[in-house]
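Undergrad: So that we are looking at the same thing, I have put the structure below in structure tokens.
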Amino acid sequence: MDDIDRRILAVLQEDADLSVSEVAARVGLSSTPCWKRIQKLKDDGVILKQVALCDPEKLGLNTTVFVKVSTNQHNEAWLRKFARAVQDFPEVVEAYRMSGDVDYLLRIVVHDIRSYDDVYKRLIKACELYDVSSSFAMEQIKYSTALPMDAHAQAQAASARLRIPPSI
């Protein structure tokens with residue numbers, strides 16, 4: 001992946017509705033090479049899918065809850081059961097297995113606290129959990145689905161600068 005591919009990805013992450021010709025103009029290519037690069041990025045699995053981002057408040061989903069889950073069962077069967085359960089909860093929009101003192105971190109989006117309580121009750125019914133701790137977001141300061149396109153290139157450049165040449 002080169003700089004042009006990263007620029008294409010940055011443009012598409014900002015607005016995936018743009019036509020190929022608009023993307024091409026923004027990254028300094030003609031349409032056909034741009035289209036071929038986009039197709040290759042899809043074929044290579046770099047672009048997973050293109051989706052519509054919805055405004056949660058306009059859908060009445062005003063409450064974001066971060067849920068820390070701990071378990072005392074660290075086995076594959078329990079993990080499969082838990083993973084299946086969170087996959088089946090549409091309110092769980094993100095789920096991570098963590099290092100440290102918390103085993104799993106969930107981001108749950110619901111209408112209100114009562115709606116979260118319903119999700120909580122269904123979750124503890126679906127899986128045996130050792131500890132569940134919920135934190136309610138008071139204000140969203142930043143939200144983005146866009147990944148930093150230049151972070152990898154910057155890390156490689158920094159790594160190259162730190163390399164010490166072999167002694168002669």
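Undergrad: First compute the accessible area of the chain with a 1.4 Å probe, then give the percent of it belonging to carbon and sulfur atoms. Walk me through the intermediate numbers first.
TA: Details: 6490 of 12350 Å².
It is 53 percent, rounded to a whole number.
Undergrad: How large are Rg and Dmax for segment 18-108 when only the alpha carbon atoms are used, in Å?
TA: In order Rg, Dmax, the Cα atoms of segment 18-108 give 19.8, 57 Å.
Undergrad: Rounded to whole Hz and in sequence order, give me ³J(HN,Hα) for segment 101-112 from the Karplus expression 6.51 cos²θ - 1.76 cosθ + 1.60, θ = phi - 60°, writing x for Gly and Pro.
TA: Per-residue couplings from phi come out as 7, 10, 7, 9, 10, 10, 10, 10, 10, 9, 6, 7 Hz.
Undergrad: In angstroms, what radius of gyration and Dmax does segment 87-138 have, counting Cα atoms only?
TA: 11.1, 30
Undergrad: Restricting to Cα atoms and excluding each atom paired with itself, what does the Kirkwood estimate give for segment 1-49 in Å? Show your work: numbers first, answer last.
TA: Details: mean 1/r = 0.0955 Å⁻¹.
That comes to 10.5 Å for segment 1-49.
Undergrad: If you count only protein heavy atoms with a 1.4 Å probe, what accessible area per residue comes out for segment 74-138, rounded to a whole Å²? Intermediate values should be presented prior to the final figure.
TA: On the way: 4530 Å² over 65 residues.
I get 70 Å² per residue for segment 74-138.
Undergrad: Would you mind checking K121/K142; K40/K81; K68/K121 for any pair whose Cα atoms are more than 26 angstrom apart?
TA: Values: K121/K142 30 Å; K40/K81 36 Å; K68/K121 15 Å.
From the list (K121/K142; K40/K81; K68/K121), the Cα-Cα distance tops 26 Å for K121/K142; K40/K81.
Undergrad: Using a probe radius of 1.4 Å on heavy atoms only, what accessible surface per residue do you get for segment 1-70? Whole Å² is fine. Walk me through the numbers on the way to the answer.
TA: Working: 4610 Å² over 70 residues.
Here the residues of segment 1-70 average 66 Å² of exposed surface.
Undergrad: Along segment 57-69, what does the Karplus equation 6.51 cos²θ - 1.76 cosθ + 1.60 (θ = phi - 60°) give for ³J(HN,Hα), rounded to whole Hz, x for Gly and Pro?
TA: 5, 5, 9, x, 9, 8, 10, 10, 10, 9, 10, 9, 10
Undergrad: Given that just one value was derived from the coordinates, which of (1) 21.4, 70; (2) 16.7, 55; (3) 29.5, 85 is Rg and Dmax of the Cα atoms in Å?
TA: (1)
Undergrad: With a 1.4 Å probe and all protein chains kept in place, how much accessible area does Y120 have, in Å² rounded to the nearest 10?
TA: 80
Undergrad: Residue by residue through segment 121-135, which ³J(HN,Hα) values in whole Hz follow from phi under the Karplus form 6.51 cos²θ - 1.76 cosθ + 1.60 (θ = phi - 60°), with glycine and proline marked x?
TA: Rounded to whole hertz, the list is 5, 5, 5, 6, 6, 6, 9, 7, 10, 7, 8, 10, 10, 10, 10.
Undergrad: How much mean residue ellipticity at 222 nm does the chain get from its helices, if each DSSP H run of length 4 or more adds -39500 (n - 2.57) and you divide by all residues, to the nearest 500 deg cm²/dmol? Could the numbers behind the result be given before it?
TA: Numbers: 6 runs with 72 residues, N = 168.
My calculation for the chain gives -13500 deg cm²/dmol from helical runs alone.
Undergrad: From Cα pairs below 8 angstrom and at least 6 apart in sequence, can you work out the relative contact order of the chain, rounded to a whole percent? Walk me through the intermediate numbers first.
TA: Values: 161 pairs, mean separation 43.1, N = 168.
Computed over the chain, the figure is 26 percent.
The values are calculated or read from the model by the stated rules, or taken from the named source; none is laboratory data. Owing to the predicted nature of the structure, the values given are computational and were not obtained by experimental measurement. Accessible surface areas use protein heavy atoms only, side chains included; no ligands, DNA or RNA. Shrake-Rupley method; radii C 1.70, N 1.55, O 1.52, S 1.80 Å.
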